[in-house]
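See structure below.
The values are calculated or read from the model by the stated rules, or taken from the named source; none is laboratory data. What you see is a predicted model, and the numbers here were worked out from it, not measured in a lab. Protein only, heavy atoms only, side chains kept; ligands, DNA and RNA dropped before computing areas. Shrake-Rupley method; radii C 1.70, N 1.55, O 1.52, S 1.80 Å.
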Amino acid sequence: MFQQEHLSVNSNLTVLNHVQRWFEGFWHQHDPHFPRRDNQLHRLNLALAEGFTNAVRHAHSGLSNDTSIDIEVALHDDRMEIQIWDWGQPFDPNNIREPQPGTLQEGGYGWFLLRRLADEVSYDRQGQRNCLRIVKYTPESRTAQVSNSC
């Protein structure tokens, strides 16, 4: 692993811009070490925003705004990995129906979007917290096997 950073923020959508700027700063600081397509930063930043927003709106619904959300970003030789930790009740993403083209449904678009933006997305319960793991491989390692979960 080249680098890893951690950010802990309150469960409040007003800090989303701060979270995204923090991630962009990490990316640009380590840019020479992570070959990428031109839009990869934007794809990962959107995935981070979607994951964070889901944690605030859904996982922490009914919890205090002071409840923390922890975000870890790790840059490995072959991938960038984002983990978003929340204190909400667990859910099974396999129960989310994927939207069908040309139809409208309530909910499910965030999970659908995450899976399109990243190479791997997983959601696991770890003790009292949930971990959303978002992975994007370098173009050279795209055929890599699934790595460890949260």
Backbone HN-Hα couplings from phi across segment 124-133 [Karplus 6.51/-1.76/1.60, Hz, Gly and Pro as x]
9, 8, 10, x, 9, 10, 10, 10, 9, 10
Which value, in Å² rounded to 10, gives the accessible area of residue 42 with a 1.4 Å probe and all protein chains present?
130 Å²
